[in-house]
Amino acid sequence: MALLGCIADDFTGATDLAAMLVKGGMRTVQVIGVPAPGDAPPDADAIVVALKSRTAPVAQAVQESLAALEWLRAAGCRQFFFKYCSTFDSTEAGNIGPVADALVAALDCGFALACPAFPANNRSVFQGHLFVGGALLNESGMEKHPLTPMTDANLVRVLSRQTSGTVGLVPYATVERGAGAIRDAMTALKEQGRRYAIADAVSNAHLYDIGAAAASHALLTGGSGVAIGLPENFRAAGLLDVQTDPGALPDAAGHAAVLAGSCSRATLFQIATAKAHVPVLELDPLATPDAGALAAQAIAWMDGKLGAAPIVIAASGTPEKVAALQQQLGRDAAGALVEHALADIAEALVARGVRRLIVAGGETSGAAVTRLGVHRLRIGREIDPGVPWTYAEGSGAPLLLALKSGNFGASDFFLKAFAMLGDA
Ligand code: ADP
């Protein structure tokens, strides 16, 4: 039975958390969307339900999160984790506060930690203020985010505006004194009637201590950083065996391919790097603004090239090309056209025997897994930080997938990823 049940407010954040739990020694499966009530849970120590609730209407985010909680409870989980972004991405209306309020009420636990800190990724919290590197959150660029502009770095204030409860702080000086002091501080805050405690943390050592202090809590909330301490709690309680390879995946022998829809700098570099080594098709949606025709070009090109060595098919364009297509079709229609073409191509690749597939781009990954009917991903070893190999469970042909947020990964990501798998 699963021990830890997680609810993540977006897809790549869910994968990030899942990869962290695997590194900590928990066998982890990511479930895409809320499963039907009767769906049997996967065989895993931790389950992460990936929602798209970060910027959804508040009522919808709350309803989906509660449905995920119910399913995770039925799966036997004994502790729950609400995962949001380490930059606390939210608006005055939510969704972090309202979702956390609903989970606290449903679990009847009265209190939850709120710890977005992720020092290894340059997110630290000091005196309740969130820093991105050396800059306060509201001076980090996040104040200009198109959907969730963060204009206040004081998380006690930010969360207070989103919740019907009150928010306290476990300050640095307490966190420095270790797990016992943190536990006492949280107990005191709860007794004072606080519903949440923002916890300062500027190092992994702090996160381990915070995790240990929350071992008996029904609910934790935060970024994936604070999950670093949770596997050890379960081992210490005798509930989790030491795993030799918690990221072990079944093999999937077959052809290898990369599908890129991200136009982020890292992905453009990765495509350029791959060109020296493997066949690369660069589609031009500006010249052919037709999803079916683009897919047909790719399908004609791939035949005869598929094998153990990867091929790369990319729609990714430079910012100028992307802007030109967006101007021609409108922003949403341009994205939808390319995503449609890439979903067609993903389907064609798998139909032709591709069993090891990298998809570059968050939205692109969403379009591909939807088309491929993938609902569950068993999480394997990390290729680069935040991007593990995964295995699609219960969706027909065996399939290894690496779903990469656009800006993630080093320039040799594609080749490195396939090299990790060895020969088919
Ligand atoms: P990232 O993770 O880098 O943000 P996404 O896949 O989430 O990548 O977003 C990239 C978006 O750009 C997708 O909607 C994709 O369909 C679209 N896109 C890809 N190539 C082009 C292009 N040449 N012109 C316009 N839009 C494109």
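Just a few scattered comments:
- Antiparallel DSSP beta bridges within the range 123-205, as percent of all bridges there, nearest 5: 65
- Here the chain is assigned +1 on the Cβ of each Lys and Arg and -1 on the Cβ of each Asp and Glu. Its dipole about the Cα centre then comes out at about 280 debye.
- Pairs of lysines in the chain whose Cα atoms sit within less than 28 Å of one another amount to 21, provided the residues are eight or more positions apart or on different chains.
- Mean Kyte hydropathy of -1.0 or more with a Cα span along the axis of at least 27 Å, helices from DSSP in the chain: 331-351
- The chain - share of DSSP beta bridges that are antiparallel (%, nearest 5): 30
- Reduced Cα scattering model of the range 255-420, Debye log10 I(q)/I(0), q = 0.17 Å⁻¹: -0.97
- Summed side-chain charge close to Ala343 - residues other than Ala343 whose Cβ falls under 14 Å, Lys, Arg +1, Asp, Glu -1: -3
- For the pair the range 172-194 and the range 109-129, the centres of their Cα atoms are 14 angstrom apart.
- R0 of 41 Å, Cβ-Cβ distance Ser216-Asn122: FRET efficiency to nearest 0.05: 0.85
- Heavy-atom accessible area with a 1.4 Å probe sorts Thr273, Thr28, largest first, into Thr273, Thr28.
- When the Cα convex hull of the range 1-54 is projected onto planes of every orientation, the mean area is 3.5 nm².
- Placing a label point 7 Å from the Cα of Thr187 along the Cα-to-Cβ line, the residues of the range 205-245 whose backbone N sits under 18 Å from it are 209-219.
- Heavy-atom accessible surface of the range 21-119: percent carbon and sulfur, 1.4 Å: 55
- Over the range 328-424, relative contact order from alpha-carbon pairs under 8 Å, at least 6 apart, %: 26
- Per residue, the chain exposes 39 Å² of accessible surface when a 1.4 Å probe is rolled over the protein heavy atoms with every protein chain present.
- Here is the size of the range 4-236 from its Cα atoms: Rg then Dmax, 16.0, 47 Å.
- Additional length obtainable on full extension of the chain from Ala324 to Thr55, 0.36 nm per residue less Cα span: 94.1 nm
- Here the simple spin-label model places points 7 Å from the Cα toward Cβ, and for Glu282 and Met1 these points are separated by 5.5 nm.
- The calculated P(r) of the chain, using every Cα pair and 10 Å bins from 0, goes 5, 22, 31, 25, 13, 4, 0 in percent.
- Counting DSSP beta bridges with both ends in the range 4-236, the antiparallel % (nearest 5): 25
- Each principal axis of the Cα atoms in the range 54-185 has its own extent, and those three values, largest first, are 43, 40, 27 angstrom.
The values are calculated or read from the model by the stated rules, or taken from the named source; none is laboratory data. Everything numeric here is computed off the predicted structure, so don't read it as measured data. Backbone-built Cβ (ideal geometry, glycine too); neighbour counts: all protein chains shown. Surface areas here come from the heavy atoms of the whole protein model, side chains and all, with no ligands, DNA or RNA. Shrake-Rupley method; radii C 1.70, N 1.55, O 1.52, S 1.80 Å.
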